[in-house]
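First the structure, in the form of structure tokens, and then the observations on it.
The values are calculated or read from the model by the stated rules, or taken from the named source; none is laboratory data. Predicted, not measured: the structure shown is a model, and the values here were computed from it. Note that we place each Cβ from the backbone using ideal geometry, even for glycine, and neighbour counts take in every protein chain shown. Accessible surface is based on the protein model in full, side chains and every heavy atom, while ligands, DNA and RNA are left aside. Shrake-Rupley method; radii C 1.70, N 1.55, O 1.52, S 1.80 Å.
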Amino acid sequence: MKRVFNFSAGPAMLPEEVLKEAASEMLDYQGSGMSVMEMSHRSKEFVAIYENAEKLVREVMNVPDNYKVLFLQGGASTQFAMIPANLMKKGGKVDVINTGAWTKKAVKEIGFFGNANVVASSEDDTFTYIPKDVKLSGDADYVYLASNNTIYGTRYVNFPKTGNVPLVADMSSNIMSEPVNVSDFGLIFAGAQKNLGPAGVTLVIVREDLVGNHIDGTPTMLQYKTHVDASSMFNTPPTYAIYVLGKVLNWIKSKGGIQGVYENNLKKANLLYNFLDESKMFKGTAKKEDRSLMNVPFVTGDADLDAKFIKEATAQDLTTLKGHRSVGGMRASIYNAMPYEGVEKLVNFMKEFEKANS
Ligand SMILES: *Cc1c(COP(=O)(O)O)cnc(C)c1O
């Protein structure tokens, strides 16, 4: 068997311990005689798996009691529409900070419900930075941003203060990678496939008072209230994905919780960024002060050299390093589950490559 260091932006690497545990329970989950995939979502075994996953989200992220934790389907992309349907007044306004492709998609969906008021954007410089000192309208239904920009490799180090206006954050690509204060947000959401587990489940953490105010005509499945009232079991939830997510959360706990994982993430990111800063061949594309700890885009400036690098890296089992088409070059996604050794191997290979090709 071989395992590569997979730098995919998502779905991405999972902790090997988690995969092994899931494999060992594949045919017979704890004496039930069946796989979790084959189980009724109403069975006592699955209800326990579900309740444990919710408990772990609350524990690991320190979620206050006045927040609901939901496991939904439809990916982060469904939240782009579900959030305005539930948090916006009919024909209302949302202040959006536009920092990349994912916030642009959210803007489009908000536009179906009301005014997507883009209060700041870094599009003028290919989204290489996070706009600072943003002037908010003050009377929006909520303020919307993406905490980490998967494609452009930027992240918020400090979030804007929004006062009484709820702050909504798409944390799909950096949830649980560094500490955040949940009570600073009205709603947090994340597709699981980058930092939390397999594709198919979307974590939503929403403040209680924001539930139940959906716009008339919102389909049942798109009302948060439906899922709150039924504890995310209104219909069949993504059972296997929730089961693996629970294991990932246990793994985070075993690493010292989010603080422990964060310290490791800093070490990994610093190793790679320090090399990028001293390299004459490779260059990071994001502004230093806004650099992501999870997604690191970099270029050589020469498309042929980029292609050669990607090909030779793949031969070394350093895979999926091709950059997003809108940035070009390379992108190393180094989520929680990427071991330090993976980044070390990448940096060593980059050094060798630079020597051999300059
Ligand atoms: C990947 C990603 C999405 C899209 O997630 P889906 O689950 O595929 O809909 C949205 N936002 C961000 C920041 C992402 O990284």
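General observations
- Screening the stretch 195-214 for residues that are within 19 Å of GLY75 (Cβ to Cβ) and open to solvent by 30 Å² or more (accessible area, probe 1.4 Å) and picking the one that is nearest to the ligand (Cβ to nearest atom) gives ALA199.
- Candidate set: the stretch 32-44, residues that are open to solvent by 60 Å² or more (accessible area, probe 1.4 Å) and not in a loop (DSSP other than H, G, I, E, B); chosen: the one farthest from VAL244 (Cα to Cα): LYS44
- Only residues that are assigned to a helix (DSSP H, G or I) and in contact (Cβ under 8 Å) with a residue 24 or more places away in the chain were counted in the stretch 226-235, giving 2.
- Selection from the stretch 1-25 of residues that are open to solvent by 70 Å² or more (accessible area, probe 1.4 Å), away from the ligand (no atom under 16 Å from the Cβ) and of a type outside the set (D, E, K, R): MET1, SER24
Per-residue answers, yes or no, for (1) farther than 22 Å from GLY217 by Cβ; (2) of a type in the set (Lys, Arg); (3) at pLDDT 95 or above:
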{"position": "GLN73", "(1), (2), (3)": "no, no, yes"}
{"position": "GLN79", "(1), (2), (3)": "no, no, yes"}
{"position": "ALA85", "(1), (2), (3)": "no, no, yes"}
{"position": "LYS90", "(1), (2), (3)": "no, yes, no"}
{"position": "THR99", "(1), (2), (3)": "yes, no, yes"}
{"position": "THR103", "(1), (2), (3)": "yes, no, yes"}
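- With respect to (1) crowded, with 24+ Cβ neighbours inside 10 Å; (2) within 11 Å of the ligand (Cβ to nearest atom), the lone exception for LEU187 is condition (2).
- Selection within the stretch 252-278 - open to solvent by 20 Å² or more (accessible area, probe 1.4 Å), under 12 Å from MET350 (Cβ atoms) and touching a residue at least 24 places away in the same chain (Cβ under 8 Å): LEU271
- Selection within the stretch 1-31 - part of a loop (DSSP other than H, G, I, E, B), of a type in the set (S, T, N, Q) and in contact with a strand residue (DSSP E or B) (Cβ under 8 Å, 6 or more places away or on another chain): SER8
- The listed residue being at negative phi, buried (at least 17 other Cβ atoms within 10 Å of the Cβ) and not in a strand (DSSP E or B), out of ALA120, ALA106, ALA116: ALA106
- Tabulated pairs, the stretch 93-116, first within 21 Å of HIS324 (Cα to Cα), second open to solvent by 30 Å² or more (accessible area, probe 1.4 Å) and of a type outside the set (Lys, Arg), C-beta under 6 angstrom, 6+ apart or interchain: ASN98/VAL118; ASN98/SER121
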